[in-house]
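Asks: Sharing a structure here in structure tokens format.
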């Protein structure tokens, strides 16, 4: 995601039980607080836009916005398990999987997933992916990541 800026801490304070929860649970809780992320959504005609909207000692949350046809560069979340929730529109996620059996063990191949509004995609400590808006409408997603 090409544009990143810092947004000062918002007044949203989840309970300790929520912040200790799985990123997939936390992303839903944060998404339900529209006032947390909606004012920060920006559609940039030159590139997808991403900005941090919340953080605590355990996690940080970013909101991203893609116009039709825009794609985020492939990037790695290393030692940062997380979850992505599509809030509006749809995104295509491409991840890479290494074959562990078959005729070519070790060969990597791309796996594409179509993610629609209200769909959560959780992932573990090592995740390499790219996101693209392949649809006709603008897309918005909330991303929660474990802090380093």
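Taken together, the values in this text are just the output of simple stated rules run on the coordinates, not laboratory data. No experiment lies behind these values; they were computed from the predicted model shown. A quick note on method: Cβ atoms are made from the backbone with ideal geometry, for glycine too, and the neighbour counts reach across all protein chains shown.
Asks: Among 126-133, 113-120, 60-67, how do they line up from the highest to the lowest mean number of other beta-carbon atoms within 10 Å?
Replies: Highest to lowest by the protection proxy: 60-67, 126-133, 113-120.
Asks: How would you order 50-59, 79-88 from highest to lowest mean count of nearby Cβ atoms within 10 Å?
Replies: Final packing ranking: 79-88, 50-59.
Asks: Would you mind estimating how fast segment 16-146 diffuses translationally, via Stokes-Einstein at 20 °C and 1.002 mPa s with the Kirkwood radius over Cα pairs, in µm²/s?
Replies: 141
Asks: Can you figure out the FRET efficiency of residue 103 with residue 128, using R₀ = 35 Å and their beta-carbon distance, to the nearest 0.05?
Replies: With R0 = 35 Å, the Cβ-Cβ based efficiency is 0.90.
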